[in-house]
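Notes to accompany the following structure.
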Amino acid sequence: MAFYEQHIHPKPTTFLSKYIFSFDHKMIARQFIWYGILGLGLGGMMAMLIRWTLSNPGVPFPVLGNLFFPMSGGVVPPDSYAMLFTMHGTIMIFYAITPLLIGAFGNFCIPLMIGARDMAFPAMNMLSFWLAVLSAIILVASLFVPLGAAASGWTAYPTLSTLIGSPGVGQTLWAIAIFVLGISSTMGAINYITTVITLRAPGMGYFDMPLTVWGLWLTAILNAIFLPVLGAGGLLLVFDRVFGTQFFLAGAAATNGTGDPVLFQHVFWIFGHPEVYILILPAWGMVSDILSFFSRKPAFGAKATALAMTSITILSTLVYGHHMYTTQMSPLLTQTFMTLTMTISIPSAIFFANWLGTLWRGSIRFTSPMVFSMGVVFVFGLGGLTGLYLGTVTTDLYLHDTYFVVGHFHYTMAASVLLGSFAAIYFWFPKMFGKMLCEKLALTHFWITFLGLNGVFMGMMMVGYGGMHRRIYNPFIYEYLEKLIPLNALITTAALLMGIGQIPFLINLVSTLFFKKEMAPDNPWEVGTLEWTIPTPAPHYNFKNIPVVKCGPHEFGNPNLTTGRDFQYQTEELVKG
Amino acid sequence: MNTLEVKNNIQYSGEGEKLAASIAMIVVLVSFSMLFASLFLAYFYYRITEPVWPPMGMERLNLFVPTMSTTFIILSSISLFGFNHYFKEANQLKMKLTLALTIGPALAFMGSQLFLWESFKNIGLYASSGIFPSIIYSFTWIHVAHIVAAIFSLLWLVPISLKSEHTFKDENVVLNVGKFWHFLSIIWLIIYFSIFVF
Ligand SMILES: [Cu+2]
């Protein structure tokens, strides 16, 4: 399959070439992991400030409040609140989940799982990481400019995001940061797509690829197609703000023919809906694999899962209008978008049933990657089902812009993607860093996070159903929301719990990396995909000889196996009776 | 040092590498197409929602300078086809000639765009004067930004045209730089016909 064989390049020797400007996909993956964990910490901190404000308005944030908001005595002021939820969303989506799942695991898994020595274009890979760093610097800098950071929500709708709504330079920096990150991710996508097509090991057809690679590959395709759409929207927004063009200004603000704020919504959601799948597809792929690995049986309907993911990828390009039902869209269009949206349920149900089919009667090993993956199955089920009410015009008109939406999208693209990232970290950590993370701490981490996030997001859907609007600063001043105050307090408690639940994870990371002496075995999970056929940690050239693939990635529990193992490597001929 | 090593690693020594580079180039062009497609979507959206076009108080633009730009870029694209042809024949003299006929008009195109903006300013048409000039300025800015990058990549062909022996790597460069340049010509033609002519 491989179109050509990559040469083994000499081992990097200097500190700079090994750790900073590394061309090695595994080192770039590790760089992205730290980048993503930093992003999670920053975005998570912002979430804590948001939740604190919602349940204790006017009360200073404990301990750190005075550090962040000395002017107001530690209380989050209303304008900073808007910046907080804007930056929380932006950081979590673009600077935490994207670098973790796509940057880190895309880089780490694709070459190793398809039997390649590196990405097709290692230099572009490095450039992609450093552009992402540049973008993060621009975004963080925007927190410190006069009038503060962007405050128009992660969707940056005009006119909130034009000079009329956000006069400061923060919103401009936001748009530039997203544009630069878009270039970085597009470069990554070009690399991933080309690598999967041209560098699969001999014998590896598309359906012999692990589903992880399928998910990452489809994500890369969506990225390459739709990030430029966001890029165009962002560019026009920057032009409006800097050069005085009038794309998104309407009415009196514009002269000689008017612009239109709603156009930005179209452009944003043409990108924005696929973005949801950009985030979730890698997690779906990893979960499909991990469920099979630890149920010790072949992935149920693996081909159907891959095809279902592909059809979701295609359908995801046609449904963006369901975010815009309340913009006076023609009923003919809303119903078309509704029907197309509902169609996505069919492939979703197929692979969801396949997940359950994989678990059914498996000899399940409840390791940390496995419990996190089962957590994904649970929260994604809830998130998917609540999406039906938002995709339906009649119910969406009432639920639009309430906390129900916030709860729903956190279930799909925060909770399930976050649990998926953790599953991936626990699963590939030994191959990445050479040491096993502590299982006990990992399970503690899982249960606190899992209970916490369900408390938060289930609570959000309930207050939303009760009528609480999103982006509200102080729910206490509205009479009709008074009965929801205790529920809001409960959500905040659950959020703090979830925040505290990350401490065992950090302890686990630090103690394993810096204090644990014992090295991990080459194949600690007893799995047959290609990355487990090489030594731990992976040598810089990955494979001494390019492997020849002879069977699929999920060959478990074959009764004809005589090797004493219950699995076989992808490099072994399928054992037949 | 490291750079050298890796460059060595991805030396284009065979058909496989060539194919990989073309696949990557196709993805790049798909990405750029989506960028421009979004811009044109915006344009058509404004155009159909506006009761008259150009909007009230605006006049149709003089076609002289844009037509000059079109002539330059078509000339340049045709010469680049010629360059590609003579590259395959390894005809060094004609390669140099066609490359000069590619880069010359390319620079003239750049100049004509600068002249275009200047002529707008002279008649008091600024980016902030309404949605019509907003579109014209933004689209030409974004296109020219790509043209600048493309001219630098055309300069990459100069050392190739001076050599008599060519490697797979050279063939790759010629092929992919060509694709990028022709792509930008096509985008200009769409801008020319959809925004200036009709
Ligand atoms: Cu959507």
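Just to be sure, is A:VAL262 of a type in the set (Val, Ile, Thr), out of contact with any Ser or Thr (no Cβ under 6 Å at 6 or more places or on another chain), open to solvent by 10 Å² or more (accessible area, probe 1.4 Å) and away from the ligand (no atom under 16 Å from the Cβ)?
no
Could you please give the count of residues in segment B:84-111 that are aromatic (Phe, Trp, Tyr) and either within 14 Å of chain A (Cβ to nearest Cβ) or open to solvent by 40 Å² or more (accessible area, probe 1.4 Å) (or both)?
Total satisfying the criteria: 1.
Report every pair of residues separated by at least 6 positions or lying on different chains whose Cβ atoms are under 6 Å apart, first residue within segment A:268-285 and over 18 Å from A:PHE427 (Cβ atoms), second of a type in the set (Gly, Ala, Ser) and away from the ligand (no atom under 11 Å from the Cβ).
A:PHE268/A:GLY233
Residue check, A:LEU318 against (1) more than 14 Å from chain B (Cβ to nearest Cβ); (2) over 21 Å from A:ALA302 (Cβ atoms); (3) open to solvent by less than 50 Å² (accessible area, probe 1.4 Å); (4) within 11 Å of the ligand (Cβ to nearest atom), all met but one. Which one?
(3)
A quick yes/no check of all residues on (1) within 26 Å of A:MET187 (Cα to Cα); (2) open to solvent by 10 Å² or more (accessible area, probe 1.4 Å):
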| residue | (1), (2) |
| --- | --- |
| A:ILE102 | yes, yes |
| A:ALA132 | yes, no |
| A:THR159 | no, yes |
| A:GLY165 | no, yes |
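Could you tell me whether segment A:89-102 includes any residue that is touching a helix residue (DSSP H, G or I) at 6+ places or on another chain (Cβ under 7 Å) and small (Gly, Ala, Ser)?
Yes - at least one qualifying residue is present in segment A:89-102.
Out of A:THR186, A:THR195, I need the residue that is touching a residue at least 24 places away in the same chain (Cβ under 8 Å), crowded, with 21+ Cβ neighbours inside 10 Å, within 10 Å of chain B (Cβ to nearest Cβ) and more than 25 Å from A:PRO553 (Cβ to Cβ). Which one?
Answer to the selection: A:THR186.
Of everything in segment A:198-228, what is more than 14 Å from chain B (Cβ to nearest Cβ) and of a type outside the set (A, V, I, L, M, F, W, C)? Give them in sequence order.
Within segment A:198-228, A:GLY203, A:GLY205, A:TYR206, A:ASP208, A:PRO210, A:THR212, A:GLY215 qualify.
Does B:LEU114 count as of a type in the set (A, V, I, L, M), modelled with pLDDT of 90 or more, under 23 Å from A:GLY244 (Cβ atoms) and open to solvent by 60 Å² or more (accessible area, probe 1.4 Å)?
Answer is yes for this residue.
Listed residues A:HIS400, A:HIS445, A:HIS469; which is more than 14 Å from chain B (Cβ to nearest Cβ), within 16 Å of the ligand (Cβ to nearest atom) and not aliphatic (A, V, I, L, M)?
Exactly one of A:HIS400, A:HIS445, A:HIS469 is more than 14 Å from chain B (Cβ to nearest Cβ), within 16 Å of the ligand (Cβ to nearest atom) and not aliphatic (A, V, I, L, M), namely A:HIS400.
Counting only residues that are assigned to a loop (DSSP other than H, G, I, E, B) and in contact (Cβ under 8 Å) with a residue 12 or more places away in the chain, which one in segment A:65-83 is nearest to A:ARG51 (Cα to Cα)?
Only one residue fits best here, namely A:VAL76.
Please state which one of A:GLY381, A:GLY375 is away from the ligand (no atom under 16 Å from the Cβ) and touching a residue at least 60 places away in the same chain (Cβ under 8 Å).
A:GLY375
This table checks each residue for (1) crowded, with 24+ Cβ neighbours inside 10 Å; (2) within 16 Å of the ligand (Cβ to nearest atom); (3) of a type in the set (Gly, Ala, Ser).
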{"position": "A:TRP269", "(1), (2), (3)": "no, yes, no"}
{"position": "A:VAL276", "(1), (2), (3)": "no, yes, no"}
{"position": "A:ASP289", "(1), (2), (3)": "yes, no, no"}
{"position": "A:LYS303", "(1), (2), (3)": "no, no, no"}
{"position": "A:ALA308", "(1), (2), (3)": "no, no, yes"}
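Restricting attention to segment B:34-76, which residues are more than 14 Å from chain A (Cβ to nearest Cβ), touching a helix residue (DSSP H, G or I) at 6+ places or on another chain (Cβ under 7 Å) and free of Cβ contacts under 8 Å to residues at least 60 places away in the same chain?
Residues satisfying the conditions are B:VAL65, B:MET68, B:PHE72, B:LEU75.
Any residue that is more than 16 Å from the ligand (Cβ to nearest atom) and of a type in the set (A, V, I, L, M, F, W, C) - is there at least one of those in segment A:321-329?
No; the residues of segment A:321-329 include none that is more than 16 Å from the ligand (Cβ to nearest atom) and of a type in the set (A, V, I, L, M, F, W, C).
Of these, A:GLU526, A:GLU518, which one is assigned to a loop (DSSP other than H, G, I, E, B) and under 29 Å from the mean Cα position of the chain (by Cα)?
When all the criteria are applied, what remains is A:GLU526.
Looking at A:ALA2, is it outside any helix (DSSP H, G or I), open to solvent by 20 Å² or more (accessible area, probe 1.4 Å) and over 25 Å from A:PHE429 (Cα atoms)?
So A:ALA2 fits the description; yes.
Restricting to segment B:161-178, give me the number of residues that are surrounded by 17 or more Cβ atoms within 10 Å (Cβ to Cβ) and among the polar types (S, T, N, Q).
Number satisfying all stated conditions: 3.
Every residue, every condition in (1) in contact with a Pro (Cβ under 9 Å, 6 or more places away or on another chain); (2) farther than 24 Å from A:VAL527 by Cα, yes or no:
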residue	(1), (2)
A:TYR426	yes, no
A:PHE429	no, no
A:PHE433	yes, no
A:TRP447	no, yes
A:PHE450	no, yes
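With respect to A:SER17, is the statement that it is within 14 Å of chain B (Cβ to nearest Cβ) and either farther than 30 Å from A:MET209 by Cβ or open to solvent by less than 30 Å² (accessible area, probe 1.4 Å) (or both) true?
It is true that A:SER17 is within 14 Å of chain B (Cβ to nearest Cβ) and either farther than 30 Å from A:MET209 by Cβ or open to solvent by less than 30 Å² (accessible area, probe 1.4 Å) (or both).
Condition first: part of a helix (DSSP H, G or I) and either closer than 22 Å to B:SER153 by Cβ or of a type in the set (Gly, Ala, Ser) (or both). Can you find one or more residues in segment B:50-65 that meet it?
Checking segment B:50-65: not a single residue is part of a helix (DSSP H, G or I) and either closer than 22 Å to B:SER153 by Cβ or of a type in the set (Gly, Ala, Ser) (or both).
Only one of (1) open to solvent by 30 Å² or more (accessible area, probe 1.4 Å); (2) in contact (Cβ under 8 Å) with a residue 40 or more places away in the chain; (3) within 16 Å of the ligand (Cβ to nearest atom); (4) over 21 Å from the mean Cα position of the chain (by Cα) fails for A:LEU333. Which number is that?
In the conditions (1) open to solvent by 30 Å² or more (accessible area, probe 1.4 Å); (2) in contact (Cβ under 8 Å) with a residue 40 or more places away in the chain; (3) within 16 Å of the ligand (Cβ to nearest atom); (4) over 21 Å from the mean Cα position of the chain (by Cα), A:LEU333 misses (2) alone.
The values are calculated or read from the model by the stated rules, or taken from the named source; none is laboratory data. Since the structure is predicted, the reported quantities are computational estimates derived from the model, not experimental observations. Note: ideal-geometry Cβ built from the backbone for every residue, glycine included; neighbour counts use all protein chains shown. What goes into the accessible areas is simple: the full protein's heavy atoms, side chains included, and nothing from ligands, DNA or RNA. Shrake-Rupley method; radii C 1.70, N 1.55, O 1.52, S 1.80 Å.
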